[in-house]
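The values are calculated or read from the model by the stated rules, or taken from the named source; none is laboratory data. Quick caveat: nothing in here was measured; it's all calculated off a predicted structure. A quick note on method: Cβ atoms are made from the backbone with ideal geometry, for glycine too, and the neighbour counts reach across all protein chains shown.
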Amino acid sequence: MNSPNSRKKLESDSTNSDKPDGKTPPTALDARFARSQSRLTPRRQRLLRAILDSAEETCFLSSREMAKRYNVDATTILRTTQVLGYSSFAQFAADLRQHFVARITPYAALKAATREKRSVADHIDHALDKALDNLNTLKADLDSQRILRLAKLIKRSRRVLVVGLDFAASLAYYLAYGLSALGFDAEAPIGSAGNLQHKVKALTSKDVLVAISFGQCLRDTVDAVLQAKKQGVPTFGMTDSDTTPIGRYSDDHLVALVVSPSFLNSYVAPMAAITAIHVACAHIDPKSSLTRLRPTDREYASGPRWYREPKGSNGDVS
């Protein structure tokens, strides 16, 4: 049975504007809703508004779970999404997740979380549950052929430029570092926007640009993709929806969800996706990978990089 709040939203007289609030650009779901209003009954319009208003709670529900929440049958949910132009509920759910991510701010996310009657331990568990949801979605929906195509592209490229800014810089560095260990000329630029622009302008059709950004996507990252495409550089994106700027403008892309109840994105799924890319690049030419890694085998065994206990020490530092 749906909650009282859900029923109130669903049954209330609709006076809310369907237009974006002016603070964020319209999402793909906003656009479909606006185009389809004349074909939606008032009840279905109210249903969609209720779903969108609670996107943080509905974006992971199945069609049956959503129907139960709003006290309608699953067929009503499916037919409503079809009026919007979706051929499957999965497509609608993906745009609903993107709608939520595009509209939530770090402040709003934390403010909403503080209103929940949870202990600190409960908040921790909830965050881990969301991260696990993201990871399970990646595993269920991942197209391994896309990763294989990227691995082949990296293999034949002269250089790999990985663009990830702000918090996504950690992901870009991890991807580039792993590729470098396998012998690829990979770099994740740091510093100013000017430095990034110079790096992009130096690329040619023999190189590849990998862009990582989520939600509305950072302007400099999207601009890097657009500039690379003008130069004939192959582009590949990692983002959290097919409808983000990175998803739309990159030649190919992977989707990894970053939904989190925290004020920061959860990067568990993107990190797993990068691990999959590293694995594909290592195994697409295992002989070359082993040749490249052979010297590090000796270094791991006796190299000076690793801490060793002094001879005669029992490890007691007191």
Mind listing whichever residues of the stretch 231-288 are more than 10 Å from the chain's Cα centre (by Cα) and among the polar types (S, T, N, Q)? Gln231, Thr235, Thr243, Ser250, Ser260, Ser262, Thr275, Ser288
Which is at pLDDT below 85 and out of contact with any Asp or Glu (no Cβ under 7 Å at 6 or more places or on another chain), of Thr114, Thr81, Thr75? Thr114
Quick check on the stretch 176-185. Is at least one of its residues in contact with a Lys or Arg (Cβ under 9 Å, 6 or more places away or on another chain), surrounded by fewer than 19 Cβ atoms within 10 Å (Cβ to Cβ) and part of a helix (DSSP H, G or I)? yes
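This table checks each residue for (1) in contact (Cβ under 8 Å) with a residue 12 or more places away in the chain; (2) in the same structural domain as Ala276 (by TED's automatic domain parsing); (3) buried (at least 16 other Cβ atoms within 10 Å of the Cβ).
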| residue | (1), (2), (3) |
| --- | --- |
| Ala112 | yes, no, no |
| Glu116 | no, no, no |
| Ala121 | no, no, no |
| Asp129 | no, no, no |
| Asn136 | no, no, no |
| Leu150 | yes, yes, yes |
| Val160 | yes, yes, yes |
| Val163 | yes, yes, yes |
Could you list, ordered by first residue, the pairs with Cβ atoms under 7 Å in which the first is in the stretch 188-213 and within 30 Å of Leu257 (Cβ to Cβ) and the second is at pLDDT 95 or above and acidic (Asp, Glu), at least 6 apart or interchain? Ala193/Asp220; Leu196/Asp220
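Would the stretch 245-255 turn up any residue that is in contact (Cβ under 8 Å) with a residue 60 or more places away in the chain, in the same structural domain as Val163 (by TED's automatic domain parsing), outside any strand (DSSP E or B) and of a type outside the set (D, E, K, R)?
no
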Can you find a residue that is at negative phi, part of a loop (DSSP other than H, G, I, E, B), surrounded by fewer than 21 Cβ atoms within 10 Å (Cβ to Cβ) and not hydrophobic (A, V, I, L, M, F, W, C) anywhere in the stretch 264-274? no
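Would you point out which residue out of Val233, Val225, Val210 is assigned to a helix (DSSP H, G or I) and farther than 18 Å from Thr27 by Cβ?
When all the criteria are applied, what remains is Val225.
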Going through Ala202, Ala193 one at a time, which residue ends up being at pLDDT below 95, surrounded by fewer than 23 Cβ atoms within 10 Å (Cβ to Cβ), over 21 Å from the mean Cα position of the chain (by Cα) and assigned by TED's automatic domain parsing to the domain that holds Ile147? Ala193
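Does Asp143 satisfy the condition of being surrounded by fewer than 22 Cβ atoms within 10 Å (Cβ to Cβ) and among the acidic types (Asp, Glu)?
Criteria met by Asp143.
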I need a count of the residues in the stretch 50-68 that are in contact with an Asp or Glu (Cβ under 8 Å, 6 or more places away or on another chain) and part of a helix (DSSP H, G or I). 1
Leading residue by the ranking (farthest from the chain's Cα centre (by Cα)) among those in the stretch 127-159 that are at pLDDT below 95 and not in a helix (DSSP H, G or I): Asp143
Being crowded, with 24+ Cβ neighbours inside 10 Å and more than 30 Å from Ala112 (Cα to Cα) narrows it down to one residue among Gly232, Gly237; which is it? Gly237
Filter the stretch 59-92 down to the residues that are of a type in the set (A, V, I, L, M) and surrounded by 15 or more Cβ atoms within 10 Å (Cβ to Cβ) and list them by number. Leu61, Met66, Ala67, Val72, Ala74, Ile77, Leu78, Val83, Leu84
For the stretch 23-58 the number of residues that are surrounded by fewer than 20 Cβ atoms within 10 Å (Cβ to Cβ), within 16 Å of Ala94 (Cβ to Cβ) and at pLDDT below 80 is 1
Sole miss for Asp207 among (1) at pLDDT 95 or above; (2) under 19 Å from Phe60 (Cα atoms) is condition (2)
